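The numbers here are math on the coordinates, done by the rules we state, and not lab data. What you see is a predicted model; the values in this text were computed from it and never measured. Positions of Cβ are generated from backbone atoms using ideal geometry, with glycine treated the same way; all protein chains shown enter the neighbour counts.
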């Protein structure tokens, strides 16, 4: 059973009151807010278009993600690399083959916590050079279903 947009928005207001959220005219649910996993305060954006996106999409607004010194943006581990606008690349929070998230889950109870955990490992990666989080698949997640890529591009154009 998919959670209604109203229940997704209400759960975010209840659990993450510093986030602002809205349902856009096209049905996209969008939020923005602060996360401090360890040392750094981040501002993130999250959106999900029920029925068209299988998973929520999360990216960091500020400070922008950055490669390690001398590295390239596409080398940031566990990132859904968005070549046209690398700073809007999505955080890889879900095993693409595992059924870790479904529309019956509340984004507030899953995705936001996973984003904070991803950012903590990102900070450690900058310190150590190793991605210390457990994970599956390749460290660089550059593939995505073509239909979802188009939806994400459309939503990114509308949201920001």
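Once C-alpha pairs closer than 8 Å and six or more residues apart are averaged by separation and normalised to the residue number of the range 1-87, the relative contact order reads 15 percent.
Full extension of the segment from residue 105 to residue 84, taken as 0.36 nm per residue of separation minus the current Cα-Cα distance, would add 4.5 nm. Remark: 45, 54 ranked as 54, 45, counting other beta-carbon atoms within 10 Å and listing the fewest first.
Within the range 47-89, find all residues whose amide N lies under 13 Å from a label point positioned 7 Å from the Cα of residue 10 along Cα-to-beta-carbon. Under cut-off, by backbone N: nothing. Extension gain for residue 132-residue 117 works out to 4.3 nm (0.36 nm per residue, less the C-alpha to C-alpha distance).
Using all pairs of distinct alpha-carbon atoms, the Kirkwood hydrodynamic radius of the range 9-141 works out to 15.4 angstrom.
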